[in-house]
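Single-structure report; data block below.
The values are calculated or read from the model by the stated rules, or taken from the named source; none is laboratory data. Just so it is clear, the structure is predicted and the values come from calculations on it, not from any experiment. Note that each Cβ is placed from the backbone with ideal geometry, even for glycine, and that neighbours are counted across all protein chains shown. These accessible areas exclude ligands, DNA and RNA; they are computed on the full protein's heavy atoms, side chains included. Shrake-Rupley method; radii C 1.70, N 1.55, O 1.52, S 1.80 Å.
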Amino acid sequence: KMRVRGNITRRRCIGKHLAFADIQVDGSDEVLKIVFQRDSDAWNSEYDDTFPTKKSSLPYDAVVSVDLCDAGETTEKSRSGALLVKSWLLLSNPKEEASRLAKHKEGGINCSDYLKVRGAAYLKYNSHQSDGNKENSKKRAISDVEDGQERNQTDNGEKQTRNPNPNDAFSHGDNRSKNFRAKLFASWLLKTYDVEELKKGTGVLDVAGGKGKLSIELSLQGMIPCTIVDPLVRKHGKKLDPRAEKRIRKASAPHPDLISREFNTTSFVEEYESLVQNASMLVGIHPDEPTEDILDLALKFDKPVAIVPCCVYPGLFPLRTLRCGKGVITYEEFLQYLLEKDDRLRIEKLPFEGRNQVIYLAT
């Protein structure tokens, strides 16, 4: 057994039980190949909540401390010379520094600046990916940085993008499927809730709304005022992309507002409590980390709410438990966990591919 400290230079995650990484040891050029294997004798189950189930759990250039032992004959999937991880600790997360450097003067995070910093971290250890075309290398780095587009190796060794499969339950889908999903969810909201009620106050609060696809559809289909809450600052600022701007203007529909802040039950409420109180409804379509916070605040302020959960993030929220005491690991358990918050909550399947269960409350 040995303990090493170093930087992550490469990583690969294969489901919930197996992950690989290369670690450049501090103070030397030595690179160790390591294996995270949950069902091995080496892995310490007390550290299950730290097991890297996604690539984003092992960010490029992160400083880590790892307890290791020889892999030996433990698994056929272990690479030659690889060492098995007993336990590990993330000492420095470069994504936090990237977020700090990309902080926008008006709040939130500048998406382009963030990706530039993370792309630089990728190229720091993957300069061989550069083919002399700076722009292509930059795009390739950005897409590979934080669980972006998956890539296949072609027979001639070139990298080739593989588009997300919209029929995959774990995929957020491509732009076309996202637009379709937003259009259908907006239609469902307008059929399920009274349109005039949705127009009241400051209108609908669209949490983790990204580029505002759902808010755009609510504005166009129902003339509903919306406020998009998302920490990433887009290149157009508070404006939508030019095509969306034109559609909104042509229809004389209300222009969605944008607040570049992280949505949570603490700092966001301290700053924007009146916005939450005056909102007609809280919504979120695949909002990821804020999913539970959306529901909690809606229940706290007695607001209608509709969320379409996606990722579970059991590693980020290891304390979630069902009424029976079981931990929340799977998507189905996450849905049950959310429904157990209030007996008035209902669940319905929406007519699009992927994770399409909407949990909602009409007060």
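Summary of packing: across the peptides 257-264, 327-334, the per-residue average of other C-beta atoms within 10 Å ranks them, highest first, as 257-264, 327-334. If only the Cβ of Lys and Arg carry +1 and only the Cβ of Asp and Glu carry -1, the dipole of region 203-295 around its Cα centre is close to 920 debye.
Ordered from largest to smallest accessible area (heavy atoms of protein chains, 1.4 Å probe), the residues 255, 286 come out as 255, 286.
Taking each of 124/211; 200/246; 116/213; 191/213; 191/303; 33/211 in turn, the alpha-carbon distance tops 28 angstrom for 124/211; 33/211.
Between residue 112 and residue 12, the simple spin-label model (points 7 angstrom out along Cα→Cβ) gives 3.5 nm.
For residue 246 and residue 56, what does the FRET efficiency come to when R0 = 41 Å and r is the distance between their Cβ atoms, rounded to the nearest 0.05? According to the calculation, E is roughly 0.70. Estimated at 0.36 nm per residue, the fully extended path between residue 194 and residue 302 surpasses their Cα-Cα distance by 37.2 nm.
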